[in-house]
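This report concerns only the one structure given below.
The values are calculated or read from the model by the stated rules, or taken from the named source; none is laboratory data. Just so it is clear, the structure is predicted and the values come from calculations on it, not from any experiment. All Cβ positions, even for glycine, are placed from backbone atoms using ideal geometry, and neighbour counts span all protein chains on display.
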Amino acid sequence: MQRDAIVTLLKSNPFFAHFTPAHLDAFLACGERAIFQKDHKLIEQNKPGDRAYLIVSGRARCETGLFPGNDPMLGAGDFIGLLVMLIETEYRATIICTGEVRAFEFRRSVVQDLIGSDVALSAAFAEIIRQSFSGFAEELKKIQADLDRSLNRVTLEIESDTAKAKTAKKTKRPAKQSKQAGQTKQSGQPKQARQSRQRKKKAG
């Protein structure tokens, strides 16, 4: 893919939409073209990160963890490990190539040198950090909402089961009392029969 096409691809990514053409060119100059084969692990969740990737062609899959948008399949234009270029942090996901992937690879040390040499570019990258954490906050809100819905559903199920158990217990209790009354009546019959036979014997 020609460089102009790659600049357009990078510009289409929301995180780089505010970059000037000069900043995009300077940033791409920091990257190196790389080719990865099927099943190659681009990044691994909870591992310290030191590089990021712009996918130029091919597909990769998010195996574990979170990725912006929560779409497990990634392709041309997706940027992997964005925050790793800017701050020391761990990867938030494990991403594996599903076939041949062509990408631009960016090392944090090189990007940091570029940011330190250009104040305007530094401000542009600061905006990326702001957008990233804003996106994380939205993700957390969605996760919290899902958890609240799950908790409410479980609570309602428990309350329903408890109510059913109480109803069943009340229904069984009269039957037990009726059974006991029947047993008492049956046990009383032999005694009455003996008393009747004793009265007849005295009368005779």
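Given the criteria at pLDDT below 90 and surrounded by 14 or more Cβ atoms within 10 Å (Cβ to Cβ), does LEU86 qualify?
yes
Residue under question is PHE15, and the condition is that it be among the hydrophobic types (A, V, I, L, M, F, W, C) and at pLDDT 85 or above; does it hold? Answer is no for this residue.
Residues in segment 1-42 that are of a type in the set (Asp, Glu) and either without any contact (Cβ under 8 Å) to a residue 40 or more places away in the chain or assigned to a loop (DSSP other than H, G, I, E, B) (or both): ASP4, ASP25, ASP39. For ILE6, the conditions (1) within 16 Å of ILE95 (Cβ to Cβ); (2) out of contact with any Cys (no Cβ under 9 Å at 6 or more places or on another chain); (3) not small (Gly, Ala, Ser) all hold with the exception of (1). Residues of segment 74-86 being in a loop (DSSP other than H, G, I, E, B), out of contact with any helix residue (DSSP H, G or I) (no Cβ under 7 Å at 6 or more places or on another chain) and farther than 18 Å from VAL7 by Cα, which ones? Correct list: GLY81 only.
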